[in-house]
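Novice: I have a structure I would like to understand better, so I am pasting it below and will then ask my questions one at a time.
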Amino acid sequence: MSSSSTARPLEPDLRIGHLPILTTGPADDPSCWAAEHRDTLRSLVTEHGAVLVRGLGLDDLSKATSVLTRLASSLMDEREAFAARRAYGNGVYSSSKWPPNQQMCMHHELSYALRFPAMLQFVCLSAPTSGGATALADSPTVLDALPDALVERFEHEGWLLTRNYNEDIGASWAEAFGTEDRAAVEDYCRTTAIEFAWQPDGGLRTTQHRSAVIHHPVTGRRCWFNQIAFLSEWTLDPEIREYLVDLYGGDGLPFNTRYGNGDAMSPDTVDLINKVYQAHTVREPWRNGDLLLVDNVRTAHSREAYEGPRDVVAALADAVRLADCSPTVEVIPS
């Protein structure tokens, strides 16, 4: 048992407008500490949407992996990744590879998949010199702040995600689906309601129809749960978008989103969604050894631009199916 087991009860700092932070002393054995306080930490995540644990001394990958494994009911392998990651084994990954000078906008992990993590777990092994926070936004609050007419349309129609997998931008189809076997990819797509078409150059184009608003699998609260804005062409830096359109054509962008009936979204609509996220964002700069637990359905997350080395590992915990969240737009695998 760790020397911290007799410390004061776990009481996070709950200042309004800030991420809940639980400060504890270094544990002799962080894995045992995590096992001892697992139920309390998970309850805090359910109650507040996220909690940052600071001071455990998680200074290497081995300690991080042990703690992440203890806190989860189970860890899931990632499929349909939008950006490449390094897999460390046991369900632990590097953070998504994304240019350090570009913000990764608010989203819910794998919200375009039929199977996604209920909880995200992050450990910061090395904090950047500046920036790089994993910022958070409460999805029921974001839902309430969006215009009623827009929410009603998305609740009625859902949203469409189109992806063009290639070897140049983002995850290749082999990286995203975890196999180089085309037949296995096709089987996966058929069982997860994804339309697919192989391209003459060997690339893959997919389209999937998903719900934009779902009910939390534990609390039942309605949550704005999607990647409509993040994976939109209008969230891309204008110069990057122009370059990609020149290179691949308007229909060949690595990813893009539409209304569920196929209508294009205007830049103003995507900008509005991102501004609502920004208005309800909380952030806390990473420190070495920080542990962040996030309710993936209730809480959206982003990654801010940064300078200097940044080493954050992630685990996707406690898989849940879209069908278990009472989707407002029913998706039936073919």
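The values are calculated or read from the model by the stated rules, or taken from the named source; none is laboratory data. Predicted model only: the values in this text are computed from it and were never measured. Cβ sites come from the backbone with ideal geometry, for glycine too, and all protein chains shown count toward neighbours. Accessible surface areas use protein heavy atoms only, side chains included; no ligands, DNA or RNA. Shrake-Rupley method; radii C 1.70, N 1.55, O 1.52, S 1.80 Å.
Novice: What are the residues whose amide H is under 5 Å from the amide H of Leu204, where those residues sit 5 or more places off or on another chain and H is modelled from the backbone?
Specialist: Residues meeting the amide H criterion: Tyr165, Gln199.
Novice: Cα centroid distance between region 53-97 and region 272-319, in Å?
Specialist: First find each Cα centre; the distance between them is then 14 Å.
Novice: Looking at the calculated P(r) for region 69-114, what percent of the C-alpha pair distances fall above 16 Å?
Specialist: 49 percent
Novice: Rounded to the nearest 5, what % of the DSSP beta bridges within the chain are antiparallel ones? Mind showing how you got there, number by number?
Specialist: Details: 55 of 58 bridges.
Looking only at bridges with both residues in the chain, the antiparallel portion is about 95 percent.
Novice: Now for a different question. What are the residues whose amide H is under 5 Å from the amide H of Gly132, where those residues sit 5 or more places off or on another chain and H is modelled from the backbone?
Specialist: Residues meeting the amide H criterion: Glu304, Ala305, Tyr306.
Novice: At a 1.4 Å probe radius, carbon and sulfur cover how many percent of the accessible area of the chain?
Specialist: Heavy-atom surface of the chain belonging to carbon and sulfur, 1.4 Å probe: 48 percent.
Novice: Would you mind getting me the FRET efficiency between Tyr88 and Leu146? Use the beta-carbon distance for r and R0 = 56 Å, nearest 0.05.
Specialist: About 0.90, to the nearest 0.05.
Novice: Something else about it: Pick from Arg210, Arg303, Arg38 the residue whose mean-square fluctuation is largest in a GNM of the chain, springs joining Cα atoms under 10 Å.
Specialist: Arg38
Novice: Okay, moving on. What are the ³J(HN,Hα) couplings of region 196-209, residue after residue, when phi is run through the Karplus curve with 6.51, -1.76, 1.60 and θ = phi - 60°? Round to Hz, x for glycine and proline.
Specialist: Running phi through 6.51 cos²θ - 1.76 cosθ + 1.60 with θ = phi - 60° gives 9, 8, 6, 9, x, 7, x, x, 9, 10, 10, 9, 9, 9 Hz.
Novice: If a paramagnetic tag sat 7 Å from the Cα of Thr40 along the Cα-Cβ line, which residues of region 71-86 would have the backbone N under 18 Å from that point?
Specialist: 71-72
Novice: Using a 1.4 angstrom probe, figure out how much accessible area the chain has per residue, in square angstrom, rounded to the nearest whole.
Specialist: Heavy-atom SASA per residue in the chain reads 44 Å².
Novice: Across region 1-151, how large is the tail of the calculated P(r) beyond 20 Å, expressed as a percent of all Cα pairs?
Specialist: 57 percent
Novice: Which one, [x] 0.99; [y] 1.14; [z] 0.96, gives Rg/Rh (Cα atoms, Kirkwood Rh) as derived from the coordinates shown?
Specialist: [z]
Novice: Something else: Defining a contact as two alpha carbons under 8 Å apart and six or more residues distant in sequence, what relative contact order in percent does the chain show?
Specialist: For the chain, the relative contact order is 34 percent.
Novice: Can I ask one more? Using θ = phi - 60° and the Karplus curve 6.51 cos²θ - 1.76 cosθ + 1.60, what whole-Hz ³J(HN,Hα) does each residue of region 41-58 get, with Gly and Pro shown as x?
Specialist: Going residue by residue, I get 5, 5, 5, 5, 5, 4, 6, 10, x, 5, 8, 9, 9, 10, x, 5, x, 7 Hz, with x marking Gly and Pro.
Novice: Using θ = phi - 60° and the Karplus relation 6.51 cos²θ - 1.76 cosθ + 1.60, list the HN-Hα couplings for region 215-220 in order, rounded to whole Hz, with x at every Gly or Pro.
Specialist: Residue by residue, region 215-220 yields 9, 4, x, 10, 8, x Hz.
Novice: Follow-up question, since we're still on this one. Can you give me the P(r) profile for region 199-245? Cα pairs, bins 5 angstrom wide beginning at 0, each as a whole percent.
Specialist: Once binned at 5 Å, the Cα pair distances of region 199-245 give 5, 15, 14, 16, 17, 14, 8, 7, 4, 0.
Novice: Would you mind estimating how fast region 132-290 diffuses translationally, via Stokes-Einstein at 20 °C and 1.002 mPa s with the Kirkwood radius over Cα pairs, in µm²/s?
Specialist: 123 µm²/s
Novice: Still on this structure, please answer the following. Starting from the exponent 0.38 and prefactor 2.2 Å, build the expected Rg for region 88-171 from its residue count and divide its actual Cα Rg by it.
Specialist: Normalised Rg, Cα atoms only: 1.37.
Novice: For Thr299, what residues show an amide H to amide H distance below 5 Å, using hydrogens built from the backbone and excluding near sequence neighbours?
Specialist: Correct list: Ser139.
Novice: For region 22-115, what relative contact order do you get, as a whole percent, if you take Cα pairs closer than 8 Å and at least 6 residues apart?
Specialist: Relative contact order comes out at 24 percent.
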